């Protein structure tokens with residue numbers, strides 16, 4: 001009896017499925033019924049230094065801990081980095097047969113003499129600020145060289161999953177992890193100083209079995225003063241390797257600031273836009289971002305006193321930049337700093353949106369540091385550090401080459417201004433301490449640069465007490481800001497929030513609305529369906545929501561998914577737009593809907609819902625725009641049902657169009673393009689069949705010529721865009 005009932009249910013479902021396919025739905029488009037102007041900056045990216053996405057990620061410099069600073073790191077867990085002067089994070093001491101020697105981290109031979117202190121952080125040394133400026137290098141004392149004594153750089157990765165490491169996020173890699181490619185040249189730089197050292201220093205690549213994997217660079221003489229030595233190594237095989245540096249005579253020498261970058265053809269724009277990894281930047285370019293927020297949300301604030309981000313410590317010569325333990329628990333060298341972020345944004349055609357710390361560290365670790373304002377000296381120090389940082393950053397970006405910071409920009413290679421328009425102050429913060437300091441910075445920036453748009457914050461959630469309190473501050477004092485709203489939610493929330501920003505819709509619980517008559521606008525700086533690890537069904541929900549942002553982009557002027565990147569094995573977040581490893585990447589289906597939706601017109605077209613008879617189809621979501629210059633119509637859609645649907649499009653106006661549809665679809669909505677978080681090229685358990693296959697990728701289909709009306713089939717569980725070109 002149960003079997004018969006099951007068969008009857010299956011038959012009924014089959015009939016319903018066939019019926020849904022056969023019913024013709026309708027969508028009418030009136031090209032003369034123009035709606036709102038679409039925000040030209042709606043679609044952008046948010047780059048946060050999370051999930052090892054900067055060092056070991058988009059930064060093409062391949063040596064981890066390249067200046068040996070991941071040692072006795074202040075304000076970090078005791079077991080996170082090296083606490084011993086004979087342990088070098090990411091490096092392995094090399095002792096060939098017969099070699100006897102010692103290697104120690106020392107601070108009495110600084111590479112940079114008189115390292116500039118750009119900030120007077122704490123004159124009373126409450127936090128021992130000298131720790132920021134200690135320069136460690138490695139001293140080698142060789143008693144017997146054997147066939148060489150020295151050190152080897154293992155690179156970034158290999159790492160077990162974050163779960164296996166517990167609270168410790170960084171990983172003291174002891175397995176060769178430099179993902180070199182056969183035939184590619186790698187440019188190597190290192191600083192050496194001898195102490196009457198008479199031997200040679202040799203540099204080469206070798207694999208996990210100790211087999212040499214490149215030519216050998218031989219430095220025949222080491223001077224008694226710091227000197228940079230450079231050369232190139234050509235990889236013989238595409239296998240993970242390490243960079244070996246050894247001396248061949250008894251004696252003493254010092255090593256610091258080791259770098260290794262692939263040849264220009266393997267860098268984004270041949271390296272003209274900074275030391276950026278080509279494949280990762282190409283993926284970003286395909287999103288056509290209109291803005292780029294950086295260097296983070298929580299990462300921009302820091303977790304504690306020593307983890308705060310100060311942009312001046314990230315510019316100038318790379319050797320002089322001050323690295324730090326970032327909010328997400330790993331070392332940030334600042335080899336890619338604010339200048340490179342601006343180059344990165346410019347190369348993508350995106351407006352830069354830097355976020356500055358305002359003296360209040362991340363609320364999720366308890367606002368562990370709040371810059372004091374009690375005394376006149378405190379207030380002056382706050383101005384000289386935090387306020388001046390904002391003013392000087394604007395000068396660095398926009399000032400003439402005759403100005404102090406404009407001159408530095410020109411010296412670094414960019415005499416033309418970066419045309420900064422936006423500046424974020426703080427992130428996901430709340431409370432009187434935050435707003436007091438925000439107010440000081442806001443007034444100072446507006447007094448000197450009234451055209452800069454300041455980005456304020458609604459806090460860390462989509463609603464609630466913090467959200468309402470922050471908006472109350474903004475309504476009364478900062479109505480000309482863009483309010484940064486963040487939310488990480490599930491499918492149901494995204495599907496149900498299509499009218500969140502509609503005219504007249506309630507904003508929070510205070511009975512107020514998103515009022516178009518006020519200058520305040522919304523910047524959805526971070527959003528994601530973060531409970532599914534980028535399963536395809538999260539894409540359907542997010543994409544449906546994204547269409548509502550476009551339909552209301554007279555209020556929501558900017559929006560960005562978060563986080564942007566995640567290195568496999570280093571995931572601190574459940575959903576990420578692009579997953580990568582040392583050799584390649586996986587674009588999620590969330591990425592692909594963002595790519596498809598990055599195109600659009602400059603005006604909305606007022607269209608009705610897709611009608612199923614005399615009722616709207618509740619599972620189809622759309623947004624229609626038109627380019628008023630070319631006449632091209634863009635119809636974006638989501639069919640959030642496992643049934644393909646025939647839709648008759650009626651276009652008024654009497655013109656002919658050629659129509660093409662691009663879309664993604666999958667019957668199985670649990671598919672994840674990136675696969676398992678520990679499936680990556682260097683994992684010891686991954687076999688020879690490893691690949692960067694993405695199960696769901698965009699497809700295209702010609703709908704043909706349309707004059708008046710045309711029927712097309714909207715695939716099941718699909719996200720897509722139809723372009724109607726005259």
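Applying the selection to the stretch 142-156, what residues are surrounded by 15 or more Cβ atoms within 10 Å (Cβ to Cβ), in contact (Cβ under 8 Å) with a residue 60 or more places away in the chain and more than 15 Å from residue 256 (Cα to Cα)? Outline the logic, then answer.
Our first condition is that a residue be surrounded by 15 or more Cβ atoms within 10 Å (Cβ to Cβ); within the stretch 142-156, this holds for 142, 145-146, 148-156.
Of the ones still in play, those that are also in contact (Cβ under 8 Å) with a residue 60 or more places away in the chain are 142, 145, 148-156.
142, 145, 148, 149, 154, 155, 156 - these are the residues of the stretch 142-156 that are surrounded by 15 or more Cβ atoms within 10 Å (Cβ to Cβ), in contact (Cβ under 8 Å) with a residue 60 or more places away in the chain and more than 15 Å from residue 256 (Cα to Cα).
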> Which of the residues spanning the stretch 239-290 are buried (at least 19 other Cβ atoms within 10 Å of the Cβ), part of a loop (DSSP other than H, G, I, E, B) and outside the structural domain of residue 584 (by TED's automatic domain parsing)?
Replying inline: 239, 248
> Does residue 69 fit the bill of being modelled with pLDDT of 95 or more, in contact with a helix residue (DSSP H, G or I) (Cβ under 8 Å, 6 or more places away or on another chain) and either part of a loop (DSSP other than H, G, I, E, B) or under 23 Å from residue 322 (Cβ atoms) (or both)?
Replying inline: no
> Filter the stretch 364-397 for residues that are surrounded by 18 or more Cβ atoms within 10 Å (Cβ to Cβ) and out of contact with any helix residue (DSSP H, G or I) (no Cβ under 8 Å at 6 or more places or on another chain); which is nearest to residue 126 (Cα to Cα)?
Replying inline: 381
> Take the residues of the stretch 526-544 that are within 24 Å of residue 426 (Cα to Cα) and modelled with pLDDT of 95 or more: which is surrounded by the fewest Cβ atoms within 10 Å (Cβ to Cβ)?
Replying inline: 527
>> I'm trying to understand the selection: among the residues of the stretch 390-432, which are in contact with a strand residue (DSSP E or B) (Cβ under 8 Å, 6 or more places away or on another chain) and assigned to a helix (DSSP H, G or I)?
In response: 390, 393, 394, 397
> When the stretch 73-92 is examined, which residues are found to be part of a loop (DSSP other than H, G, I, E, B), touching a residue at least 60 places away in the same chain (Cβ under 8 Å) and in contact with a strand residue (DSSP E or B) (Cβ under 9 Å, 6 or more places away or on another chain)?
Replying inline: 73, 74, 75, 76, 80, 81, 87, 88, 89, 90
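Table: residues versus (1) farther than 22 Å from residue 342 by Cα; (2) modelled with pLDDT of 95 or more; (3) out of contact with any strand residue (DSSP E or B) (no Cβ under 6 Å at 6 or more places or on another chain).
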site: 206; (1), (2), (3): yes, yes, no
site: 226; (1), (2), (3): yes, yes, no
site: 271; (1), (2), (3): no, yes, yes
site: 276; (1), (2), (3): no, yes, yes
site: 291; (1), (2), (3): no, yes, no
>> Let me spell it out: the conditions are (1) farther than 20 Å from residue 360 by Cβ; (2) surrounded by fewer than 20 Cβ atoms within 10 Å (Cβ to Cβ); (3) in contact (Cβ under 8 Å) with a residue 12 or more places away in the chain, and residue 416 meets all of them except one. Which number is the exception?
In response: (3)
> Has the stretch 319-328 got any residue that is in contact with a strand residue (DSSP E or B) (Cβ under 7 Å, 6 or more places away or on another chain), surrounded by 23 or more Cβ atoms within 10 Å (Cβ to Cβ), assigned to a helix (DSSP H, G or I) and at negative phi?
Replying inline: no
> Taking into account only those residues within the stretch 676-714 that are under 25 Å from the mean Cα position of the chain (by Cα) and at pLDDT 95 or above, which is surrounded by the most Cβ atoms within 10 Å (Cβ to Cβ)?
Replying inline: 696
> Failed condition for residue 450, given (1) surrounded by fewer than 21 Cβ atoms within 10 Å (Cβ to Cβ); (2) in contact with a helix residue (DSSP H, G or I) (Cβ under 8 Å, 6 or more places away or on another chain), with all others met?
Replying inline: (2)
> Of these, 461, 500, which one is farther than 22 Å from residue 623 by Cβ, in contact with a helix residue (DSSP H, G or I) (Cβ under 8 Å, 6 or more places away or on another chain) and assigned to a loop (DSSP other than H, G, I, E, B)?
Replying inline: 461
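Could you pull out the residue among 54, 10 that is surrounded by 15 or more Cβ atoms within 10 Å (Cβ to Cβ) and either at pLDDT 95 or above or over 30 Å from residue 558 (Cβ atoms) (or both)?
After applying the criteria, what remains is 54.
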> Which one of 530, 517, 571 is under 26 Å from residue 697 (Cα atoms) and out of contact with any helix residue (DSSP H, G or I) (no Cβ under 7 Å at 6 or more places or on another chain)?
Replying inline: 530
>> On the basis of being closer than 23 Å to residue 112 by Cβ, touching a helix residue (DSSP H, G or I) at 6+ places or on another chain (Cβ under 7 Å) and crowded, with 21+ Cβ neighbours inside 10 Å, does residue 294 make the cut?
In response: no
> Does residue 317 meet the test of being out of contact with any helix residue (DSSP H, G or I) (no Cβ under 9 Å at 6 or more places or on another chain) and under 20 Å from residue 274 (Cα atoms)?
Replying inline: yes
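Scan 99, 78 and give me the residue that is at pLDDT below 95 and in the same structural domain as residue 192 (by TED's automatic domain parsing).
Just one listed residue meets the conditions, 78.
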> Do we have any residue at all in the stretch 199-217 that's under 32 Å from the mean Cα position of the chain (by Cα), in a strand (DSSP E or B) and farther than 26 Å from residue 139 by Cβ?
Replying inline: yes
> Among the candidates 564, 547, 585, which residue alone is within 23 Å of residue 625 (Cβ to Cβ) and modelled with pLDDT of 95 or more?
Replying inline: 547
> Within the stretch 145-175, how many residues turn out to be outside any strand (DSSP E or B), closer than 20 Å to residue 54 by Cα and either at pLDDT 95 or above or not assigned by TED's automatic domain parsing to the domain that holds residue 256 (or both)?
Replying inline: 2
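The values are calculated or read from the model by the stated rules, or taken from the named source; none is laboratory data. What you see is a predicted model, and the numbers here were worked out from it, not measured in a lab. With ideal geometry, Cβ positions are generated from the backbone for all residues, glycine too; neighbour counts draw on all protein chains shown.
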